[in-house]
Amino acid sequence: MPRIFCQDHPDVLELAAEVLDAHPGAVLLDRSPFFPGGGGQLADKGSIEWSGGIIRVTRIQADSGGLWHEFEGSAEPHSSVLAKVDPDFRHLMCELHTLAHVANSIVYRDFDGALLTGAQLAEDGTFRVDFDLSGGDAERLRQLDGPINDVIRADYEIRTHSMPWAKAEAEPGTFRSKTVSPPPQEDGTVRIVEIAGLDRQACGGTHLRSTGQARLVKILKVDNKGRQNRRIRVGFARSL
């Protein structure tokens, strides 16, 4: 798939672009700062400004041609536009996605390489991660906020790089999901997100620059979702 602009330029939240195609309710841009969603992360919110006004982006659809920005109404933006990502929502998604990786890395390390079976970030500032685990681990999972918060306080650097797909596939733990993995880029590589000293795995989403930029968390709930599936719901611990 084509490389997403925000993966290489995560701090660029406003971008001048040209309209490649448009129809009522959607516009295709030659480049875009928006993250389209995926891997449990919600798509960016934001707007598009052009000579005809301002429209709020309601959905992002990716295809082989690029990113289609959908909106309500019948406007058809044309020529040059300014695409603007909502900075607060992007930061929230970066924070939650980073925290989900921290939780994932600790479970993978401390629970015999347990694989991820699902993940979802939520607009209310919570997230859930599901793992292929037996029922006897529930109490240990309820205490995960301790080691997660230790990682936050340690303020580990987070960086990204690309790796050949075959090499990533050969390294245990690089692909952490039991059922899905990020698609390869057009050049045959996969994007790697690394929390220095803690974790390295394939991921296409957006993240903080370091774990210390995240707020402390607490475990909200641990559920059994089937014989081998354990769901952990995590939220911010505002009182800590």
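The values are calculated or read from the model by the stated rules, or taken from the named source; none is laboratory data. These numbers come from a predicted model, not from an experiment. All Cβ positions, glycine included, derive from the backbone under ideal geometry; neighbour counts span all protein chains shown.
Structure summary
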{"item": "Count of residues meeting criterion [polar (S, T, N, Q) and part of a strand (DSSP E or B)] in the range 193-240", "result": "4"}
{"item": "Pair list, Cβ < 6 Å and 6+ apart or interchain, from the range 188-211 residues that are farther than 18 Å from His91 by Cα and touching a residue at least 24 places away in the same chain (Cβ under 8 Å) to residues that are part of a loop (DSSP other than H, G, I, E, B) and basic (Lys, Arg)", "result": "Gln201/Arg176"}
{"item": "Residue among Gly188, Gly205 that alone is in the same structural domain as Glu139 (by TED's automatic domain parsing), at pLDDT below 95 and under 16 Å from the mean Cα position of the chain (by Cα)", "result": "Gly205"}
{"item": "Every residue from the range 48-82 that is of a type in the set (S, T, N, Q) and more than 12 Å from Ala26 (Cα to Cα)", "result": "Ser51, Ser64, Ser79, Ser80"}
{"item": "Condition met for Ser162 (under 18 Å from Cys6 (Cβ atoms), among the hydroxyl-bearing types (Ser, Thr, Tyr) and either in a loop (DSSP other than H, G, I, E, B) or without any contact (Cβ under 8 Å) to a residue 60 or more places away in the chain (or both))", "result": "yes"}
{"item": "In the range 1-16, the residues that are modelled with pLDDT of 95 or more and touching a strand residue (DSSP E or B) at 6+ places or on another chain (Cβ under 8 Å)", "result": "Leu13, Glu14, Leu15, Ala16"}
{"item": "Residue that is modelled with the lowest pLDDT [pool: residues in the range 123-149 that are part of a loop (DSSP other than H, G, I, E, B) and either among the hydroxyl-bearing types (Ser, Thr, Tyr) or crowded, with 16+ Cβ neighbours inside 10 Å (or both)]", "result": "Ser134"}
